[in-house]
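Since the structure comes first, as structure tokens, the remarks are kept for the end.
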2 protein chains.
Amino acid sequence: MAEISNKSPLAPERFPELPAVPGVKIAGVAAGLHYRDRPDLTLAALAEGTRAAGVLTRSGVVGAPVTRCREQLGRPERLARGLVVNAGNANVFTGAAGEAAVEATAAAAADVIGCDAAEIYLASTGVIGAPLDPAPIEAAMPGLAAALSPMGWETAAEAITTTDTFPKGASATVVIDGETVTIAGIAKGSGMIMPDMATMLAFLFTDAALPGAVLQTLLERAMDVSFHCITVDGDTSTSDSVLAFATGAAGHDPVADADDPRLGDFAAKLAAVCIDLAQQVVKDGEGASKFITVEVTGAESDVSARRIGLAIANSPLVKTAIAGGDANWGRIVMAAGKSGEPLAVERIAVAIGGRPVAEAGAIHPDYDEAAATEHVQGQQIVIAFDAGVGDGRARIWTCDLTHGYISINADYRS
Amino acid sequence: MAEISNKSPLAPERFPELPAVPGVKIAGVAAGLHYRDRPDLTLAALAEGTRAAGVLTRSGVVGAPVTRCREQLGRPERLARGLVVNAGNANVFTGAAGEAAVEATAAAAADVIGCDAAEIYLASTGVIGAPLDPAPIEAAMPGLAAALSPMGWETAAEAITTTDTFPKGASATVVIDGETVTIAGIAKGSGMIMPDMATMLAFLFTDAALPGAVLQTLLERAMDVSFHCITVDGDTSTSDSVLAFATGAAGHDPVADADDPRLGDFAAKLAAVCIDLAQQVVKDGEGASKFITVEVTGAESDVSARRIGLAIANSPLVKTAIAGGDANWGRIVMAAGKSGEPLAVERIAVAIGGRPVAEAGAIHPDYDEAAATEHVQGQQIVIAFDAGVGDGRARIWTCDLTHGYISINADYRS
């Protein structure tokens, strides 16, 4: 099958050095599920007592692993002992056979870890509608268990990718109640060449001691400023999953309230790791040649600001203009207008690259088109939009829409 | 400035022969507003007693002409004596100068027609944020008035275009109460090369004798099955306007109720003309190489069906797959899933080109990928999606997403 080997021009130089997270071992192996000669199956083993949190796709059509995660996260104790991720087949729209594959995979992982299958979390990414044969996964499980290591991050980050052009990882350390706590995460994005492989997955691991409900609250808050603020093409996968696991191995007293001041730094660093991973996903967007930040202020609420920002960031006309190095601010106004959110047209302001373009509902008297064009012809683009109605704000990240996107999605076949 | 002269491969062979509509004279001239050597200013003169109806963009940022139309359509009598359309400048985000340009244009048209400026309707399409100088419009008005003709359709249809690759017209005749009534319409779409020129405009003219409120109701019903069912890229213009004018010259007794059985045929033909024009807009979509019909059934309601259909038709992943001749039905399911509308996954059915692809939430046992691929490699694509929850249905038309779209919107500069 065709593969795009060209790394995104926005890729970091190398995979970051991720620290061990006490209570977590991880590994990736080439199980021959879909790809040849590259890892495509990931296993994480988690210490007893680990708690899980998760944010799953809001699509009306979801894969069997997502349905299973929803059930697991509905249990108050949220216990987790393992995570299995396969790349190449999303196990979506596969009926009863899909559910059987999920059960077989969980049982195989529970077997090698020595736990209840209900404590194994699953995620899949890849083709929709093709039956997932669990046999190669079951066969690979003993070898995968033998490869588990506290430092297996990079191989694991590679094994969860489909057509991403680089593996994605981020980490932070923080102090809770005098104890050093580590957060590490890996993610995959939408570097797609094979049809249907645009699922976004991210997995966060920490040794903090947190009840599942607290971890869930902190994860959701971090999502609101990270993964919920990125878009590549506005499409939503059937399998998007962000899961967080807290092993409790750090040794501090469990913190039972998400608003406890002892968690302030942890919450901030968790958000920072999520933002780092989310930005890496955007930087590996299909065909991306520019990284775009859309800063919205003056909206009726933060939610409204996010909707305005996403309308701008998802507009094909905005994204193609930026791809072409065109400081086409009229399209920014058009896209904000179509968001359906409250705007005070006579107070709208637009800036590109920090310079004013429009204010008070008309072009700015000092608008310098040459400067705006020079900024938009760079690789890091910053658009600011003020809606003129309130204090709501949001920051959205996206990439441009290029011939590369069309080539990746239309020109190649699996 | 750069212009794309290549006609869309989906264009009709020639502009249709539109009949005269009693009470309507129309003309287009090259006023040098924005383009050289082609018509860019349109005037229609309407008989005394003509009533107007309109459906305007739902964008939160609208042009001065749209604001003016909103006010006019808010008056119960809805009287209309003229229509002026300029191409090249949308008169959007232009502040008080934009309002002054609108007033000057209406006054100039009222002068040559001999009516109240409040009875002149306006529409503009083109660049956003550039001041519109009314002087060339005022200067051209006497010549435009002299050129008015019952058969001026084709030049008028050309004069409202921006970068459309062909002028768009459609007509029908119908009998109301024993009298023959004519409906004729022209439209422009989103054949865009100049930034910000993707506005959709359509103007319908009839000699039926209808109160403004009845015309409005019939127009809105026609919109629901025509212009509201098309999408090129999901972007919404600041200037989208569909206006309908009924001169009453046909001589039948005025019909005061939109549900009067005497209007049944008129309503159907008005919808047919709107559907014809709407499909022409799609066929001139930026970079379009294929015409796609999405038929949704089994939704909770007709509104829900339209949302599902638009989610499929707007999905860049669906549109690029079709551009690539790939019968990628998983992307259709993904797009329906992200619509947020009710779906019964275990009863979802998908067909491509009339052949079953998926049913009961999984791939169809008789799925013939070769046949589906052959269909998708053609120029007229039909996708059917059944949501499995109710009786709601909708039909949506769109085009594929090709390198042409990127080239038109990113590669060229004005």
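The values are calculated or read from the model by the stated rules, or taken from the named source; none is laboratory data. None of the values given here were measured: they were computed from a predicted structure. Because the Cβ atoms are built from the backbone with ideal geometry, glycine has one as well, and the counts that use them run over all protein chains shown.
Which of the residues spanning region B:159-182 are of a type in the set (S, T, N, Q), touching a strand residue (DSSP E or B) at 6+ places or on another chain (Cβ under 6 Å) and within 26 Å of B:H34 (Cβ to Cβ)?
B:T161, B:T162
Considering only region B:309-322, state which residues are assigned to a helix (DSSP H, G or I) and either at the interface with chain A (Cβ under 9 Å from one of its Cβ atoms) or over 23 Å from the mean Cα position of the chain (by Cα) (or both).
B:N314, B:P316, B:L317, B:V318, B:K319, B:T320, B:A321, B:I322
Could you count how many residues in region B:98-111 are at pLDDT 95 or above and buried (at least 18 other Cβ atoms within 10 Å of the Cβ)?
7
Counting just the residues of region A:338-359 that are in contact with a His (Cβ under 7 Å, 6 or more places away or on another chain) and buried (at least 18 other Cβ atoms within 10 Å of the Cβ), which one comes out farthest from A:A299 (Cα to Cα)?
Per the stated criteria, the residue is A:G353.
Yes or no: region A:8-31 includes at least one residue that is within 14 Å of another protein chain (Cβ to nearest Cβ), surrounded by fewer than 22 Cβ atoms within 10 Å (Cβ to Cβ) and under 27 Å from A:E138 (Cβ atoms).
Scanning region A:8-31 turns up no residue that is within 14 Å of another protein chain (Cβ to nearest Cβ), surrounded by fewer than 22 Cβ atoms within 10 Å (Cβ to Cβ) and under 27 Å from A:E138 (Cβ atoms).
Within region A:78-100, track down each residue that is within 13 Å of chain B (Cβ to nearest Cβ) and over 22 Å from the mean Cα position of the chain (by Cα).
Hits for region A:78-100 are A:F93, A:T94, A:G95, A:A96, A:A97, A:G98, A:E99, A:A100.
Yes or no, residue by residue, for (1) part of a helix (DSSP H, G or I); (2) out of contact with any Phe, Trp or Tyr (no Cβ under 8 Å at 6 or more places or on another chain); (3) of a type in the set (A, V, I, L, M, F, W, C):
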{"position": "A:A327", "(1), (2), (3)": "no, yes, yes"}
{"position": "A:M334", "(1), (2), (3)": "yes, yes, yes"}
{"position": "A:E341", "(1), (2), (3)": "no, yes, no"}
{"position": "A:V350", "(1), (2), (3)": "no, no, yes"}
{"position": "A:A358", "(1), (2), (3)": "no, no, yes"}
{"position": "A:Y367", "(1), (2), (3)": "no, yes, no"}
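Of everything in region A:79-97, what is surrounded by fewer than 24 Cβ atoms within 10 Å (Cβ to Cβ) and at pLDDT below 95? Give them in sequence order.
Correct list: A:G88, A:G95, A:A96, A:A97.
Of the residues that sit in region A:323-337 and are touching a residue at least 24 places away in the same chain (Cβ under 8 Å) and surrounded by fewer than 24 Cβ atoms within 10 Å (Cβ to Cβ), which one is farthest from the other protein chains (Cβ to nearest Cβ)?
A:G325
Write out, first by first residue and then by second, each pair whose Cβ atoms fall under 7 Å of each other, whose residues are 6+ apart or on separate chains, and whose first residue, in region B:259-277, is basic (K, R) while the second is surrounded by 15 or more Cβ atoms within 10 Å (Cβ to Cβ).
What qualifies is B:R262/B:I176; B:R262/B:D177; B:R262/B:V255; B:K269/B:A172; B:K269/B:V174; B:K269/B:I183.
Could you check region A:218-270 and list, in sequence order, the residues that are within 30 Å of A:N409 (Cα to Cα), assigned to a loop (DSSP other than H, G, I, E, B) and among the polar types (S, T, N, Q)?
Matches in region A:218-270: A:S226, A:T236, A:S237, A:T238, A:S239.
Of all residues in region B:112-135, count the ones that are buried (at least 18 other Cβ atoms within 10 Å of the Cβ), assigned to a loop (DSSP other than H, G, I, E, B) and modelled with pLDDT of 95 or more.
Of the residues in that region, 2 qualify.
Are any of the residues in region B:290-306 part of a helix (DSSP H, G or I), of a type in the set (G, A, S) and either surrounded by fewer than 24 Cβ atoms within 10 Å (Cβ to Cβ) or more than 10 Å from every other protein chain (Cβ to nearest Cβ) (or both)? Even if it seems obvious, please write down each step before you answer.
Of the residues in region B:290-306, the ones part of a helix (DSSP H, G or I) are B:302-306.
Of the ones still in play, those that are also of a type in the set (G, A, S) are B:304-305.
After this cut, where a residue has to be either surrounded by fewer than 24 Cβ atoms within 10 Å (Cβ to Cβ) or more than 10 Å from every other protein chain (Cβ to nearest Cβ) (or both) as well, the list is B:304-305.
Yes, that holds for at least one residue.
With respect to B:E374, determine if the residue is among the acidic types (D, E), closer than 24 Å to A:A96 by Cα and either within 9 Å of chain A (Cβ to nearest Cβ) or part of a helix (DSSP H, G or I) (or both).
Taking the combined requirement at face value, the residue does not satisfy it.
List pairs: first in region B:355-382 and farther than 15 Å from B:I332 by Cα, second of a type in the set (G, A, S) and in a loop (DSSP other than H, G, I, E, B), Cβ under 6 Å, 6+ apart or cross-chain?
Every condition considered, the pairs that remain are B:H375/B:G353; B:Q377/B:G325.
Could you say whether any residue in region B:168-185 is touching a residue at least 40 places away in the same chain (Cβ under 8 Å), assigned to a helix (DSSP H, G or I) and either within 20 Å of B:A109 (Cβ to Cβ) or of a type in the set (S, T, N, Q) (or both)?
no
Can you name the condition, by its number, that B:G404 falls short on among (1) over 18 Å from B:L310 (Cα atoms); (2) more than 10 Å from chain A (Cβ to nearest Cβ); (3) not in a loop (DSSP other than H, G, I, E, B)?
(2)
For every residue, the table says whether it meets (1) under 30 Å from B:P316 (Cβ atoms); (2) crowded, with 23+ Cβ neighbours inside 10 Å; (3) among the β-branched types (V, I, T).
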{"site": "A:L148", "(1), (2), (3)": "no, no, no"}
{"site": "A:T161", "(1), (2), (3)": "yes, yes, yes"}
{"site": "A:V174", "(1), (2), (3)": "no, no, yes"}
{"site": "A:A184", "(1), (2), (3)": "no, yes, no"}
{"site": "A:K188", "(1), (2), (3)": "yes, yes, no"}
{"site": "A:L201", "(1), (2), (3)": "yes, yes, no"}
{"site": "A:D207", "(1), (2), (3)": "no, yes, no"}
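Select from region B:50-77 the residues that are buried (at least 20 other Cβ atoms within 10 Å of the Cβ), β-branched (V, I, T) and within 14 Å of chain A (Cβ to nearest Cβ) and write down the one among them that is farthest from B:L219 (Cα to Cα).
Top of the filtered list is B:V61.
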